[in-house]
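Student: The structure that follows is given in the form of structure tokens.
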Amino acid sequence: MTTPWMLVTGGSRGIGAAVARLAAAKGWAVAVNYASNERAAADVVAAIETNGGTALAVRGDVGSEADVLRMFEAVDRRGPLKALVNNAGVVDEASRLDAFTAERLDRMFRVNVLGTIICAREAVRRMSTVHGGTGGAIVNVSSAAAKLGAPGLYVDYAAAKGAVDTLTVGLAKEIAGEGVRVCAVRPGIIETEIHASGGQPNRVAELTPSLPMRRAGSAEEVAKAILWLVSDEASYSTGAILDVSGARSVLP
Ligand code: NAP
């Protein structure tokens, strides 16, 4: 039997790297996409191969359609795509909306929304039975911010993740009869380098006392939820958005 391939965008670090490692352990061949950190992607691939798995590092900015097309073609050359984890995402410096620049908004929505949609499009073109595919699963990585709004921090990021939630519901219904399930996770505060990339290296430590579980989540905990949603165990779950937030985003 041909080994099914999973493409993990932003698979070089953080949640994506944890998804790539866990997916490989579960028998997936994994395409590890990264934007610029070739070394981190190579390390994830090497760890998978050391454990007997199959992986491929694929550079590409999900905010560039040309890069996304090249990325999917690189996977096509290796085997059939059966899962997409739409994980690549960015934040920005903490700011009120009245200080946002157009450049900031362009990057925020190009990577987090357009990138997610274009990657989903390419996955549907390969996996949907309407296009001759044999089915598969897409899991989008949203954020608790979609529900909380992230005021004073990055409401643009929260709005972009709100778009990811809506995309998840709409696309799931659109292709529910075509063998492709579409779900999402909404992580809460997770220990990764994304907080430092937004200029807040101490964010996890500062927030920990106020978190309902008095701790942040790990990338591995999010990865387990994603791998469940991808798996046949979740065969009747589509359009589902799973909070992996230690109750942070549970609304009263
Ligand atoms: P991270 O540690 O900063 O890792 C980001 C990953 O995305 C890296 O692999 C990076 O590649 C890649 N990436 C960034 N921009 C990209 C682009 N334009 N094209 C392709 N890849 C790109 O982030 P993380 O915390 O794991 O976050 C992963 C996802 O979870 C994001 O969608 C984020 O919004 C979401 N999330 C995170 C948290 C949290 O607390 N950590 C909470 C809620 C939601 P390079 O290595 O090449 O830079």
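The values are calculated or read from the model by the stated rules, or taken from the named source; none is laboratory data. The structure presented is a predicted model; accordingly, all values stated were derived computationally and were not measured. Methodologically, a virtual Cβ is constructed for each residue, glycine included, from the backbone with ideal geometry; neighbour enumeration extends over all protein chains shown.
Student: For region 143-176, name all the residues that are within 15 Å of the chain's Cα centre (by Cα) and among the acidic types (Asp, Glu).
Tutor: Selection gives Asp165 alone.
Matching residues to (1) among the basic types (Lys, Arg); (2) modelled with pLDDT under 95; (3) farther than 20 Å from Trp228 by Cα:
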| site | (1), (2), (3) |
| --- | --- |
| Ala137 | no, no, no |
| Asn140 | no, no, no |
| Ser143 | no, no, no |
| Gly170 | no, no, yes |
| Gly177 | no, no, yes |
| Val182 | no, no, no |
| Pro187 | no, no, no |
| Arg214 | yes, no, yes |
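Student: If Ala94 satisfies every condition in (1) among the small types (Gly, Ala, Ser); (2) surrounded by 15 or more Cβ atoms within 10 Å (Cβ to Cβ); (3) within 16 Å of the ligand (Cβ to nearest atom); (4) under 27 Å from Arg186 (Cβ atoms) but one, which is the exception?
Tutor: (2)
Student: In region 139-146, is there at least one residue being touching a strand residue (DSSP E or B) at 6+ places or on another chain (Cβ under 9 Å), within 14 Å of the ligand (Cβ to nearest atom), assigned to a helix (DSSP H, G or I) and closer than 15 Å to Met71 by Cα?
Tutor: no
Student: Under 7 Å by Cβ, and 6 or more places apart or on different chains, what pairs join a residue from region 133-145 that is within 13 Å of Tyr157 (Cα to Cα) with one that is part of a loop (DSSP other than H, G, I, E, B) and not hydroxyl-bearing (Ser, Thr, Tyr)?
Tutor: Close Cβ pairs (under 7 Å, with a partner that is part of a loop (DSSP other than H, G, I, E, B) and not hydroxyl-bearing (Ser, Thr, Tyr)) amount to Val141/Asn87; Val141/Gly89; Ala144/Gly188; Ala144/Arg248.
Student: Scan Gly133, Gly199 and give me the residue that is within 13 Å of the ligand (Cβ to nearest atom), surrounded by fewer than 20 Cβ atoms within 10 Å (Cβ to Cβ) and not in a helix (DSSP H, G or I).
Tutor: On inspection, the qualifying residue turns out to be Gly199.
Student: Oh, and also: Working only within region 37-58, note down all residues that are within 11 Å of the ligand (Cβ to nearest atom) and either hydroxyl-bearing (Ser, Thr, Tyr) or buried (at least 17 other Cβ atoms within 10 Å of the Cβ) (or both).
Tutor: Ala40, Ala41, Val44, Ala57, Val58
Student: For region 165-192, enumerate the residues that are touching a residue at least 60 places away in the same chain (Cβ under 8 Å) and either part of a helix (DSSP H, G or I) or surrounded by fewer than 18 Cβ atoms within 10 Å (Cβ to Cβ) (or both).
Tutor: Asp165, Thr168, Val169, Ala172, Lys173, Ala176
Student: Do the conditions hold for Asp106, that is, is it among the charged types (D, E, K, R) and more than 10 Å from the ligand (Cβ to nearest atom)?
Tutor: Against the criterion (among the charged types (D, E, K, R) and more than 10 Å from the ligand (Cβ to nearest atom)), Asp106 qualifies.
Student: Now, a different point. Give me the residue from region 222-245 that is part of a helix (DSSP H, G or I), touching a residue at least 24 places away in the same chain (Cβ under 8 Å) and more than 13 Å from Ser142 (Cβ to Cβ) and, out of that set, farthest from the ligand (Cβ to nearest atom).
Tutor: Checked region 222-245; the qualifying residue farthest from the ligand (Cβ to nearest atom) is Ala234.
Student: Given the criteria under 14 Å from the mean Cα position of the chain (by Cα), surrounded by 20 or more Cβ atoms within 10 Å (Cβ to Cβ) and within 20 Å of Arg126 (Cα to Cα), does Ala17 qualify?
Tutor: Criteria not met by Ala17.
Student: May I ask you to list the residues in region 73-89 that are under 17 Å from Thr2 (Cβ atoms), crowded, with 21+ Cβ neighbours inside 10 Å and either near the ligand (Cβ under 10 Å from one of its atoms) or hydrophobic (A, V, I, L, M, F, W, C) (or both)?
Tutor: Val75, Leu81, Ala83
Student: Still on this structure, please answer the following. Would you mind finding the one in Arg186, Arg214, Arg248 that is within 14 Å of the ligand (Cβ to nearest atom), over 19 Å from the mean Cα position of the chain (by Cα) and charged (D, E, K, R)?
Tutor: Arg248
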